[in-house]
Amino acid sequence: MQPVTRALVPGTFDPPTLGHLDVILRAAALFDEVVVAVLDNTAKTPWFSAEERESLLRAALDGAAPGGLANVRVDRFTGLLVQFADAVEARVVVKGLRSGADFDYERSMAHMNRELAPRIETVFIPADPRFSHLSSSLVREVALFGGDVARAVPPPVLEPLKERAVEQKRGRHHPHP
Ligand code: PNS
């Protein structure tokens, strides 16, 4: 019997974009099982908590296939990605590549991860050209100033993002109430 190949799709997902969703769905078509790994980084202050990012991802996946995809689950991790990969017995890490700049950065991470855990392979998926300009930070910036982000995020992410943008803007205007 062939062993099950479990792949991680890691990220901060603050918020999940259509580019993220596309990479997750394409990974789900390639590998037996996919674990979307949400980084809970205590050093950063994200717009959305790790719990919120997890539930936004679940809602986005549910929107892509009612009930979610049978071979995709969403989980959260802290610390090193390779430690999490070991803990969930994943041997592939999937990353989307939008540009040469992404590749330069991702290549260093892939080499470092390979040094730490040679058992784990990094696999790159080229971003769909429709989404290759998208990043969570650009999406947050556009949302903050009231720009239209409907073509940038999965439908279930849109309203929570708009609401959070209003809160963030208020927070920025009145940092010392
Ligand atoms: O969506 P992002 O922020 O570009 O994702 C980056 C992520 C979460 C994949 C990366 O920062 C990561 O793996 N962080 C976990 C800490 C770690 O393992 N660092 C060493 C990588 S060489």
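The values are calculated or read from the model by the stated rules, or taken from the named source; none is laboratory data. For clarity, every value in this text was computed on a predicted model and none was experimentally measured. Neighbour counts run over all protein chains shown; Cβ positions are idealised from the backbone, glycine included.
Here are the numbers for this structure:
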read-out	value
Some residue of region 89-103 being in a helix (DSSP H, G or I), of a type in the set (A, V, I, L, M), surrounded by 15 or more Cβ atoms within 10 Å (Cβ to Cβ) and within 13 Å of the ligand (Cβ to nearest atom)	no
Flag if Gln83 is over 18 Å from Ile24 (Cα atoms), among the polar types (S, T, N, Q) and in contact (Cβ under 8 Å) with a residue 12 or more places away in the chain	no
Those residues of region 130-161 which are under 19 Å from Glu52 (Cβ atoms), surrounded by fewer than 19 Cβ atoms within 10 Å (Cβ to Cβ) and either in contact with a Ser or Thr (Cβ under 8 Å, 6 or more places away or on another chain) or of a type in the set (Gly, Ala, Ser) (or both), in sequence order	Ser135, Ser137
Region 50-74 residues that are under 17 Å from Thr17 (Cα atoms), paired with ones that are charged (D, E, K, R) and at pLDDT 95 or above (beta carbon under 7 Å, 6 or more apart)	Ala50/Asp40; Ala50/Arg76; Arg53/Asp14; Glu54/Arg76; Gly68/Arg58; Gly68/Asp62; Val74/Glu54; Val74/Arg58
Criterion violated by Ala117 - all others in (1) within 18 Å of the chain's Cα centre (by Cα); (2) surrounded by 13 or more Cβ atoms within 10 Å (Cβ to Cβ) satisfied	(1)
All positions within region 138-162 that are assigned to a helix (DSSP H, G or I), in contact (Cβ under 8 Å) with a residue 12 or more places away in the chain, farther than 11 Å from Leu56 by Cα and not hydrophobic (A, V, I, L, M, F, W, C)	Arg140, Lys162
